[in-house]
Amino acid sequence: MASKVNKEKVPNIFEIIYFCFFLLLPFIYSDKLVDPVLLPRQLFLSIFIFIISCVICYQIYFKKLTVDFSFLKLPVFLLFFLFLFNITISFFKSIVLSESIYILSKVSMEFVFFIVTTYLLIQKKLRVIQLINAVIIFSIASVLISVAQFIKLSISNADLFDNMLQLNATFGHKNLLASILFLTFPFLLYLIVLKKGNKLFLVLFAFLILALVWLLQTKAVILALFAFFFIFLVGVVKYQKRIIDKRLIRVISILTFTLLLLAGVITILKKDKFSRIFDQNSGFERLALWENSESMIKEKFLLGVGAGNWQINFPKYGLDKFQMEEVKTGLTTFQRPHNDFLWVFCEMGFVGLLIYLSIFITVVYQLIQLFKKYKDQELSWLYLILLATCIGYTIIAFFDFPFERVEHQILLFVLFSIVSSLLQ
């Protein structure tokens with residue numbers, strides 16, 4: 001049963017640990033590694049899980065927490081258990097077993113984060129609003145790192161647009177930075193509409209995030225934002241008239257339309273500066289990746305080629321279709337097909353894809369039902385924003401690879417945890 005979050009103001013030990021975790025997460029980085037963030041952030045997540053688990057065990061021992069994990073019977077958790085089992089089964093198809101073991105360890109650790117966060121939310125030891133505040137701190141830290149990097153780039157190059165295309169903060173690539181900003185934006189919007197915190201700062205920061213996403217020119221994220229606002233506005237207009245001031249609806253609708261129109265006009269007028277949005281080369285490259293992935297699926301349809309083994313099998317399906325000579329000669333390779341669903345299909349087969357899709361379908365269905373059922377203003381806003389975010393995430397996942405990145409999965413599991421806790 002959904003209920004309002006405890007209004008107690010003083011953060012407890014769990015909320016402090018989560019706050020510190022999200023504050024430090026964007027700073028976990030090592031340029032001595034081939035991928036400077038993937039392994040360090042997985043290790044950081046492991047340390048966090050160890051610490052939070054110790055505190056939980058301590059409080060259970062002294063009867064400050066109850067041992068109730070009945071929420072694991074919820075469909076989304078059962079599906080995740082099946083997904084982990086499917087990854088394990090895929091080991092039998094793996095050429096490089098170590099890659100499969102790595103994928104299993106990463107996904108398992110993220111799943112433990114999901115379980116622990118949901119458990120603490122249900123036990124009311126972690127409040128939704130405090131969890132959202134922690135995500136906002138993560139977002140602020142990420143933006144500050146981006147601004148610092150932008151200033152550094154501007155010292156040697158005065159071209160704003162060129163510098164923005166070089167921006168990645170500590171996320172490895174501008175597209176990954178853009179998708180992170182998208183995943184934190186809805187939580188910021190929730191604080192704004194509920195008038196929690198300094199509204200002027202929150203509004204200005206929200207505009208800054210939207211401007212950064214626009215200037216980063218990541219098409220998948222821009223498309224996800226369009227979908228987010230469309231779903232959000234449809235939900236507000238169709239279902240929320242009884243509990244929201246009609247003037248607020250008009251203001252939100254007009255402001256959103258004006259911003260999108262203004263961004264569209266500037267983009268078209270400055271087409272030479274927004275070349276990445278109109279560039280088709282990345283699209284052709286993705287189509288070539290998907291073509292090889294399709295051949296891989298046809299060969300290993302049911303169980304796939306094994307977790308983490310897409311990149312091992314990929315070259316045998318041909319490299320001549322790619323435009324870059326480095327790719328044709330094998331000097332440059334790809335680690336994933338830039339489509340999480342296709343990636344799962346290739347590595348875990350049709351069964352794995354079916355389970356993975358079912359997770360998102362289940363969460364979306366639950367959010368729609370909760371949104372329609374409950375008329376409490378605060379919860380209704382939350383359900384609608386989470387629903388629009390989940391749809392936006394699937395769009396990004398269709399053109400990119402958030403499944404690979406620890407920080408993206410953590411934010412996704414924050415969303416899933418909030419939904420699951422409100423079902424209890």
Residue in region 144-155 that is open to solvent by 40 Å² or more (accessible area, probe 1.4 Å), farther than 19 Å from E404 by Cα and polar (S, T, N, Q) present: yes
Search result, residues across region 350-374 that are open to solvent by less than 20 Å² (accessible area, probe 1.4 Å) and of a type in the set (F, W, Y): Y356, F360, F371
Where a residue in region 346-372 is more than 27 Å from Q424 (Cα to Cα) and its partner, wherever it lies, is in a helix (DSSP H, G or I) and hydroxyl-bearing (S, T, Y), with Cβ under 9 Å and at least six apart: C346/S293; E347/S90; E347/S100; M348/S90; M348/Y356; G349/S90; G352/S90
Qualifying residues in region 26-39 (those that are modelled with pLDDT of 95 or more and outside any loop (DSSP other than H, G, I, E, B)) - the one surrounded by the fewest Cβ atoms within 10 Å (Cβ to Cβ): F27
Region 271-315, residues that are more than 23 Å from F403 (Cα to Cα) and either open to solvent by 70 Å² or more (accessible area, probe 1.4 Å) or outside any helix (DSSP H, G or I) (or both): K271, D272, K273, F274, R276, F278, D279, Q280, N281, E299
Counted residues, region 71-115 - those being in contact with an Asp or Glu (Cβ under 9 Å, 6 or more places away or on another chain), open to solvent by less than 10 Å² (accessible area, probe 1.4 Å) and β-branched (V, I, T): 1
Only listed residue being outside any loop (DSSP other than H, G, I, E, B) and in contact with a Gly (Cβ under 8 Å, 6 or more places away or on another chain), chosen from C390, C346: C346
Residue match in region 16-25 (condition: open to solvent by 30 Å² or more (accessible area, probe 1.4 Å), under 25 Å from E378 (Cα atoms) and touching a residue at least 40 places away in the same chain (Cβ under 8 Å)): yes
Selected residue [at pLDDT 90 or above and part of a loop (DSSP other than H, G, I, E, B)] from A169, A178: A169
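The values are calculated or read from the model by the stated rules, or taken from the named source; none is laboratory data. Keep in mind the model is a prediction, meaning the values are calculated, not measured. Cβ sites come from the backbone with ideal geometry, for glycine too, and all protein chains shown count toward neighbours. Ligands, DNA and RNA are stripped out before the accessible areas are found, and what is left, the full protein with its side chains, is counted by its heavy atoms. Shrake-Rupley method; radii C 1.70, N 1.55, O 1.52, S 1.80 Å.
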